[in-house]
Amino acid sequence: MRGGVSRVGEVHPTLQAELDAVPTSIRPGWHGQCAEISCVNQALQAGVDPAGVQRTVAIGLTDPGHGLAKAACPTCATVLPRFGVRNG
């Protein structure tokens, strides 16, 4: 399965292999289309090692949940640690 990041360019082969390795039973409908996956793809395409980067996402600007951390989706929770990206 091709990740959604392919719409902005070719998915780096190493990233594609990790996306393909995510069990289909936990893949969300938007598998591979998160901004986090796109950022890892851009880094790898540029020859930059994303290890040590921290991922932090906050929920919206209005209540409820304003400013609360948002958990990574199942794809990101599986793939990002394989590239050394930490959850913030």
Check: A58: at pLDDT below 90, surrounded by 10 or more Cβ atoms within 10 Å (Cβ to Cβ) and within 17 Å of G84 (Cα to Cα), yes or no?
Finding: no
Check: If Q42 satisfies every condition in (1) under 19 Å from N87 (Cβ atoms); (2) at pLDDT 90 or above but one, which is the exception?
Finding: (1)
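I'm checking my understanding of the structure. Among residues of region 1-26 that are among the aliphatic types (A, V, I, L, M), in a helix (DSSP H, G or I) and at pLDDT below 95, which one is farthest from the chain's Cα centre (by Cα)?
Start the filter on region 1-26 by keeping residues that are among the aliphatic types (A, V, I, L, M), which leaves 1, 5, 8, 11, 15, 17, 19, 21-22, 26.
Narrowing the set further to residues that are in a helix (DSSP H, G or I) leaves 5, 8, 15, 17, 19, 21, 26.
Those still in the list that are at pLDDT below 95 too: 5, 8.
On the way: V5: 10, V8: 14 Å.
Among residues in region 1-26 that are among the aliphatic types (A, V, I, L, M), in a helix (DSSP H, G or I) and at pLDDT below 95, the one farthest from the chain's Cα centre (by Cα) is V8.
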Next item on the list: Would you check if V48 is surrounded by 11 or more Cβ atoms within 10 Å (Cβ to Cβ) and either modelled with pLDDT under 85 or in a loop (DSSP other than H, G, I, E, B) (or both)?
Entry: yes
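The values are calculated or read from the model by the stated rules, or taken from the named source; none is laboratory data. Everything numeric here is computed off the predicted structure, so don't read it as measured data. Methodologically, a virtual Cβ is constructed for each residue, glycine included, from the backbone with ideal geometry; neighbour enumeration extends over all protein chains shown.
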